[in-house]
Amino acid sequence: MQKRILKFILPVVFLLTTMLAGCGKSVASQDVLTNASQTNTIIWGVKADTNLFGLMDVKSGNIKGFDVDVAKALTKQILGPSGKAKFVQVTSDTRMPLLKAGNIDAIIATMTITPERQKQVDFSDVYFKAGGSLLVKKGSPIKSVKDLKKGTKVITVQGSTYGENLKKAAPDTQVLQLADYAQAFTALKSGQADALSTDNGILYGMSIQDKNYVVVGGNYTNEPYGIAINKGQKPFVRTVNAALTKIKENGTYDKIANKWFGDVPGFNVKEVK
C-alpha cells in the first residue's frame with residue numbers, strides 16, 4: 001500500500017518542485033531546452049517546396065537546402081557534435097499551427113519577421129536578409145512593381161506576407177494565392193498569371209530551376225527571415241541567438257550560404273548575413 005501511495009505522490013512532488021524552482025516562470029519556458037538536452041534532438045519545421053532553402057530530394061527522400069543546413073549547424077552548436085536535427089515538413093500556411101501545437105520546436109522556413117507574427121511567436125535574430133521581388137518570363141513587359149497595372153495578375157502563396165504587400169505596392173493588380181511555391185511556379189509557367197511575387201531568395205531558386213524565368217525590379221520590400229519559437233521559450237531563443245552568432249563568426253554560415261547561393265548572379269553573402 002505504501003509503495004502505491006509513493007508511486008502516486010512522488011511524480012506530483014517532482015512537478016511542484018520543478019514549478020517552484022522556476023521562480024515564478026512557467027514550466028513551458030524551459031520545455032524545449034530540457035527536451036532537447038534529454039533527447040539530444042531539436043525538431044525543426046522546414047519547407048520542402050522551396051528551391052535553395054528547403055526542397056525534397058526525391059532520390060534520398062530527405063529535405064535539402066540552406067534552411068536545413070543552417071538548422072543542422074545550429075543544432076550542433078547547441079547540443080554538441082552528436083546533436084541531432086529532426087525535420088518536419090511545413091508550408092507557409094501550416095508552419096504556425098504546427099509550432100503552436102508543439103509538433104516542432106522551431107520554424108526555420110523562409111519566415112519573415114513581422115509585428116503581427118511577433119504577437120504570436122518570438123523570433124531569433126535575423127538569419128537571412130530577404131526582400132520582396134518579382135519573377136516573370138523572359139521578355140515580359142513587367143520590369144518592376146510599377147508595371148503591375150490594372151488587368152495584371154500576380155501569384156503569391158497562402159500564409160505569406162505578399163498578399164498584403166502587393167495590395168500596398170500595386171493596388172490595381174489582381175492577386176492570386178495558392179497553397180505552396182511548387183503550385184505557384186507551375187501556375188505561372190502555365191500562363192495563369194503575369195508574375196509571381198515572394199522573397200528574392202525563393203525566386204532565385206525558381207529561376208535556377210527554369211532559366212526562362214528571371215527576377216526583375218530589385219526588392220520592393222524588406223523581408224528579414226527569423227527563426228520562430230513559441231512564446232514562453234526565452235531561454236531557447238537566447239540559446240539559438242548565441243548559436244547563430246557563433247556560426248556567423250566562425251565561417252560556417254558563409255560556407256552554407258555560398259554552397260546554396262554561390263551560383264546566383266550577383267550574390268553577396270554580406271548582403272544577406
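Hey, does segment 50-65 have a residue that's farther than 20 Å from K273 by Cβ, crowded, with 21+ Cβ neighbours inside 10 Å and in contact with a Leu (Cβ under 6 Å, 6 or more places away or on another chain)?
no
Step by step: first the residues of segment 208-233, then only those that are more than 18 Å from the chain's Cα centre (by Cα) and either among the charged types (D, E, K, R) or at pLDDT below 90 (or both), then the one that is surrounded by the fewest Cβ atoms within 10 Å (Cβ to Cβ). Which residue is that?
Checking each candidate, the answer is K211.
Determine, yes or no, whether D254 is among the acidic types (D, E), open to solvent by 30 Å² or more (accessible area, probe 1.4 Å) and not in a loop (DSSP other than H, G, I, E, B).
yes
In segment 240-251, which residue that is part of a helix (DSSP H, G or I) and open to solvent by 40 Å² or more (accessible area, probe 1.4 Å) is nearest to A193 (Cα to Cα)?
Checking each candidate, the answer is K248.
Go through segment 134-158 and give me each residue that's surrounded by fewer than 22 Cβ atoms within 10 Å (Cβ to Cβ), over 24 Å from G226 (Cβ atoms) and either touching a helix residue (DSSP H, G or I) at 6+ places or on another chain (Cβ under 8 Å) or not small (G, A, S) (or both).
Those that are surrounded by fewer than 22 Cβ atoms within 10 Å (Cβ to Cβ), over 24 Å from G226 (Cβ atoms) and either touching a helix residue (DSSP H, G or I) at 6+ places or on another chain (Cβ under 8 Å) or not small (G, A, S) (or both): K137, K138, P141, I142, K143, K146, D147, K149, K150, T152, K153.
Evaluate segment 108-126: report whether one residue or more is open to solvent by less than 30 Å² (accessible area, probe 1.4 Å), modelled with pLDDT of 95 or more and among the acidic types (D, E).
yes
Being part of a loop (DSSP other than H, G, I, E, B) and open to solvent by 100 Å² or more (accessible area, probe 1.4 Å) is the filter; apply it to segment 259-273 and report the residue that is modelled with the lowest pLDDT.
Only one residue fits best here, namely P265.
Determine which member of the set T198, T161, T186 is open to solvent by 10 Å² or more (accessible area, probe 1.4 Å), polar (S, T, N, Q) and at pLDDT 90 or above.
Just a single option satisfies the conditions, and that option is T186.
The values are calculated or read from the model by the stated rules, or taken from the named source; none is laboratory data. From a predicted model like this one, the values you see are computed outputs, not experimental measurements. We place every Cβ from the backbone using ideal geometry, glycine too, and count neighbours over all the protein chains shown. With ligands, DNA and RNA removed, areas are computed over all heavy atoms of the protein, side chains included. Shrake-Rupley method; radii C 1.70, N 1.55, O 1.52, S 1.80 Å.
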